[in-house]
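Input: a single structure, listed below in structure tokens.
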Amino acid sequence: MCDLKGIRIGCAMTGSFCTFKRAFEAWKALRDLGAEMFPIMSYNACTLDTRFYPAQEAVNIFEEISGRKI
């Protein structure tokens with residue numbers, strides 16, 4: 001098992017909306033390994049509602065995973 005305690009990771013989301021779910025899963029795994037997450041979203045990623053996620057829901061999930069505001 002890998003230990004990422006003390007490792008800082010900037011996680012960025014852009015308009016590739018169909019990949020959000022897999023990105024969230026990957027970031028949860030990194031967080032669970034102890035990484036310090038820094039969320040970054042493009043304007044479109046955090047404001048456009050899509051068939052994959054309403055914009056605010058995606059923002060809320062990302063902030064919950066990272067423990068930080070976008």
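The values are calculated or read from the model by the stated rules, or taken from the named source; none is laboratory data. Everything numeric here is computed off the predicted structure, so don't read it as measured data. Every residue, glycine as well, gets a Cβ built from its backbone with ideal geometry; the counts of neighbours run over all protein chains shown. Ligands, DNA and RNA are excluded from the accessible area calculation, which covers all protein heavy atoms including side chains. Shrake-Rupley method; radii C 1.70, N 1.55, O 1.52, S 1.80 Å.
When the helices of the chain are scored as -39500 (n - 2.57) per DSSP H run of n ≥ 4 and the total is divided over every residue, the value at 222 nm lands at -12500 deg cm²/dmol. The long axis of helix 20-32 is offset from the longest Cα principal axis of the chain by roughly 20 degrees. Given (1) 35, 13, 8; (2) 22, 11, 9; (3) 37, 15, 10 as candidate values of semi-axes √(5λ) of the Cα gyration tensor in Å, which corresponds to the one derived from the coordinates? This structure yields the entry labelled (2).
In the chain, the longest principal axis of the Cα atoms and the axis of helix 55-66 are about 0 degrees apart.
Along region 5-17 the Karplus relation, 6.51 cos²θ - 1.76 cosθ + 1.60 evaluated at θ = phi - 60°, assigns HN-Hα couplings of 4, x, 8, 9, 10, x, 10, 10, 10, 10, x, 7, 4 Hz to successive residues, with x for each Gly and Pro. Scanning residues 5 or more positions from M41 or on other chains, those with amide H under 5 Å from its amide H are M13, with H placed 1.01 Å from N in the peptide plane. A simple packing score, the average count of other Cβ atoms within 10 Å per residue, orders the peptides 58-65, 28-35 as 58-65, 28-35, with the highest score first. Computed in the context of the full set of protein chains, the accessible area of the chain at 1.4 Å probe radius has 55% of its extent on carbon or sulfur.
Charge dipole of the chain (Cα centre as origin; +1 on each Lys and Arg Cβ, -1 on each Asp and Glu Cβ, all else neutral): 100 debye, rounded to the nearest 20.
Per residue, the chain exposes 65 Å² of accessible surface when a 1.4 Å probe is rolled over the protein heavy atoms with every protein chain present.
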